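Below is one structure, written out as C-alpha cells; comments come after it.
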Amino acid sequence: MTALLTCAMAFSMLQLFLIGALGPRLVDGLGISPTMLGLTTTVGFGTAAVLSPGGGRMVDRIGPRRALVLLFLLSAAALALIGAAPGAGLLLGAVALGGVPQALANPATNKAILATVEPARRGAVTGLKQSGVQLGAFVAGLPLAALAGGLGWRGAVWTAATNAPN
C-alpha cells in the first residue's frame, strides 16, 4: 500500500517535473517561447489550487480507491497529451488536465491511509508517501531526461504515460 501511495504522489506531479526537466527540448520541439513554457507551471499549479477544495469533497464521495484510479488515469492521459502536443494550446490544456490528479493526490492518499493503516504506523506511511513528490522529480530529472536523449522528448513523456500504475 505504501508503494502505491508513493507512486500516486509521484505521478500526480510528474507532468510538471517532466516539463521542467525537458524544457529546452520542448521549446525547440514545439517552437514555443520560454515564457510560454513558464506559463505551464502557472496553469498546472493554478488548476490544482482551484480544484483542490472540490477534490477533497470528491474523494469523500467516491472513496480513496476510485480517486486513486482516477488520479492514475488522468496523470497518464495528461502525459500522453503532452507527448502528442503539436503546440502551446494542447500543451497548456494537457497541463491543466494534469492539475486534477494534483488536486486529488493528498485527499485520496490521506484517506486511504486512514482507512487501511493502523494508527501507530500512519505517521511513517504518510511520510513515505509524501516522498513520492521528490521521487517524481528524481524520475523526471534523471532517468526520463536521459531517456529523452535516446528516444526524444516525446518518447520519454510517452514512456512515463504508459508506465502509470493502474
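The values are calculated or read from the model by the stated rules, or taken from the named source; none is laboratory data. These figures come from a predicted structure and were not determined experimentally. Cβ sites come from the backbone with ideal geometry, for glycine too, and all protein chains shown count toward neighbours. The accessibility values were calculated without ligands, DNA or RNA, using every heavy atom of the protein model including side chains. Shrake-Rupley method; radii C 1.70, N 1.55, O 1.52, S 1.80 Å.
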Residue identified as in a helix (DSSP H, G or I), modelled with pLDDT under 95 and within 17 Å of Trp153 (Cβ to Cβ) among Leu16, Leu79: Leu16
Meets criteria (open to solvent by less than 60 Å² (accessible area, probe 1.4 Å) and under 25 Å from Leu151 (Cβ atoms)) for Val125: no
Of the conditions (1) surrounded by fewer than 19 Cβ atoms within 10 Å (Cβ to Cβ); (2) under 16 Å from the mean Cα position of the chain (by Cα), the single one that Thr116 does not satisfy is (2)
Of the residues in segment 64-73, those that are surrounded by fewer than 22 Cβ atoms within 10 Å (Cβ to Cβ) and touching a residue at least 24 places away in the same chain (Cβ under 8 Å) number 5
With respect to the numbered conditions (1) under 18 Å from Thr40 (Cα atoms); (2) surrounded by 20 or more Cβ atoms within 10 Å (Cβ to Cβ), which one is the sole condition not fulfilled by Ala77? (2)
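Do you know which of the residues in segment 23-63 that are within 15 Å of Ala88 (Cα to Cα) and among the polar types (S, T, N, Q) is surrounded by the most Cβ atoms within 10 Å (Cβ to Cβ)? Quick ask: steps written out before the conclusion?
Let us first name the residues in segment 23-63 that are within 15 Å of Ala88 (Cα to Cα), namely 23-44.
Those left that are additionally among the polar types (S, T, N, Q): 33, 35, 40-42.
Numbers: Ser33: 11, Thr35: 8, Thr40: 24, Thr41: 13, Thr42: 11.
If we take residues in segment 23-63 being within 15 Å of Ala88 (Cα to Cα) and among the polar types (S, T, N, Q), then Thr40 is surrounded by the most Cβ atoms within 10 Å (Cβ to Cβ).
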May I ask you to say which residue of Gly20, Gly98, Gly83 is among the small types (Gly, Ala, Ser), open to solvent by 30 Å² or more (accessible area, probe 1.4 Å) and in contact with a Gly (Cβ under 9 Å, 6 or more places away or on another chain)? Gly20
